[in-house]
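Take a look at the structure below.
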Amino acid sequence: MNLKIHIENFDGPMDLLLHLVKSTKLDIYEIQMSEIIESYLTYIATLQQLNIDVGSEFLLMASTLIHLKSKKLIGKTEEEETNDDEFNIQSEEELKERILEYEKYKSITEDFHSLEEKRKDIYTKVPSNLKQFERKSELTNDGVTIDDLVQAFLNIQARLHYKEPVETKITKKEISIEDRVRKIRDYLKIKKRVFFEELFDVPTKEYIIATFLAILEMSKAREIRLFQERNFKQIEVESV
Amino acid sequence: MMNLEGVLEGLLFVQGDEGLTLDSICKILEIEKEEAKALLMKLKESYEKDNRGLRIHFLGNAFKLTTKEEHKMYYQKLLVNPENNTLSPAALEVLAIIAYNEPITRAEIDELRGVSSDFTLRKLISKDLVKEIGKSDMPGRPNLYGITHEFLDYFGLATKEDLPKIEEKKSNEEETELFTSIYKENYE
């Protein structure tokens, strides 16, 4: 085994197998595939002993070859053959076919390489840019002056003015407790005695709160008196 | 009447490496195919004189105006970086497999090479030498790949028919059969 050959020099396991076949200097049809399998496995094993990182595809091929080898040693029966799906090479003949198929493309690459080299002898240019010749639609000036332009601009401005939103102010009316106290006082001057609910004549949260606090304030100052005839009856307010 | 030979020369110059197909020449010049062919031949002949620097080549299914092979050394003096950028052996292998088997899936390419071709294939697609040409009916509907006009031009080929012929090693079916049977006998 020639250890000077480095695994990186092989473009995959098929390449290595082909090399092993060629190194026998025999026609592939005369070769015992078992010998090639042996050399392949020895080669991979040696590389691993030397702690050289062997690519997974080389190991996959190794396992396929071991499978072929064991199949031959055991001498498989018909029904066992059906369970071999995970290996894509099922016989030594198939392995040989696969190497031949690979060789077909491998050898033609040399032809492609020389064609590639030959094509480099001639030069072409990129297509010319014809943009400058593209016809633009003609513009005619029918006596339009700069004043028309100014007028057009002014028209736009005028129109934009209409589009402007009308200025509005949204304000919140503040209701103070003092305010409500004064109002309730005035009210009670006229009506002496009112229902509690009567005082809440505006249904906003602020108004209700201010009114309620005003009533409490007035009650605390003993300005008014609150009373209820019995439970769940309406509360009444009376000025003192 | 304009001299169409001159017009054709200008058209080929403008198109550069995109070239012109016979059909587009006919369409632009409003002439029949035979007439277009005759014009091309006439122009080609006049370029062959050694006081002319251009040549008409049929590459990647199109007529292209190119420089002459024999003047190569002068053009190379113009190059800043004259190192030859050629495709890697792996790239050539993948290209060859696609060229002779298109349409083909990546899995089928991998199978033939016994190694993943994913990276190489992507590089070839980015170089426009290979393209997706459809979907396979196999499970997962993998992409099918094929070669491009750029591929043919890259290798100086006119059409797919110009691909180098693959040696048919297994041409004699009977011989293979005989070989296999002997082989089996050796075993048992």
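What follows draws every value from the coordinates through simple rules; no lab data is involved. This structure is a prediction, so every number in the text was calculated from the model and none was measured. Positions of Cβ are backbone-derived with ideal geometry, glycine not excepted, and every protein chain shown enters the neighbour counts.
Angle of helix A:177-191 to the longest C-alpha principal axis of chain A, folded into 0 to 90 degrees and rounded to 10: 40°.
Using a Gaussian network model of chain B in which every pair of alpha carbons under 10 angstrom is joined by a spring, one finds that among B:112, B:65, B:124 the greatest mean-square fluctuation is at B:112. Compute a Gaussian network model of chain A, connecting alpha carbons closer than 10 Å, and tell me which residue from A:106, A:183, A:71 fluctuates the most. Per the Cα network of chain A with a 10 Å cutoff, A:183 tops the list.
Using a ≥ b ≥ c from the Cα gyration tensor of the protein assembly as shown (square roots of the eigenvalues), is it rounded, prolate or oblate, where a/c under 1.5 gives rounded and otherwise the larger of a/b and b/c decides, a/b for prolate? Note, shape of the protein assembly as shown comes out oblate.
So what is the diffusion coefficient of the range B:4-69 in µm² per second by Stokes-Einstein at 10 °C and 1.306 mPa s, using a Kirkwood Rh over Cα pairs? Taking Rh from Cα pairs, D becomes 135 µm²/s.
The amide H of residue B:59, built 1.01 Å from its N in the peptide plane, has B:64 as neighbours under 5 Å, considering only residues 5 or more places off or on other chains. Counting charges near residue A:238 (Lys, Arg +1; Asp, Glu -1) among other residues having Cβ under 14 Å from its Cβ returns a value of +3. Summing charges over neighbours of residue A:219, with a neighbour being any other residue whose Cβ is under 12 Å away from its Cβ, gives 0 when K and R count +1 and D and E count -1. Across the range B:101-107, coupling constants 3J(HN,Hα) worked out from phi with the 6.51/-1.76/1.60 Karplus curve, θ = phi - 60°, read 10, 4, x, 9, 8, 4, 4 Hz, and Gly and Pro carry x. When a/c is below 1.5 the answer is rounded, else prolate if a/b is larger than b/c, else oblate, so apply that to the range B:1-118 with a ≥ b ≥ c taken from the square roots of the Cα gyration tensor eigenvalues. Oblate.
Is the range A:100-240 rounded, prolate or oblate when judged by the Cα gyration tensor, a ≥ b ≥ c being the square roots of its eigenvalues, rounded requiring a/c under 1.5 and prolate requiring a/b larger than b/c? In terms of gyration-tensor shape, oblate. Axis angle, to the nearest 10 degrees, between helix B:173-187 and the longest C-alpha principal axis of chain B: 30 degrees.
A helix-only calculation puts the protein assembly as shown at -16000 deg cm²/dmol for mean residue ellipticity at 222 nm, using -39500 (n - 2.57) for each DSSP H run of at least four residues, averaged over all residues. Find out how many positive minus negative residues lie around residue A:22, taking Lys and Arg as positive, Asp and Glu as negative, among other residues whose Cβ is under 11 Å from that of residue A:22. So the environment of residue A:22 carries a net charge of -1. Between helix A:13-23 and chain A there is an angle of about 10 degrees, using the helix long axis and the longest principal axis of the Cα atoms.
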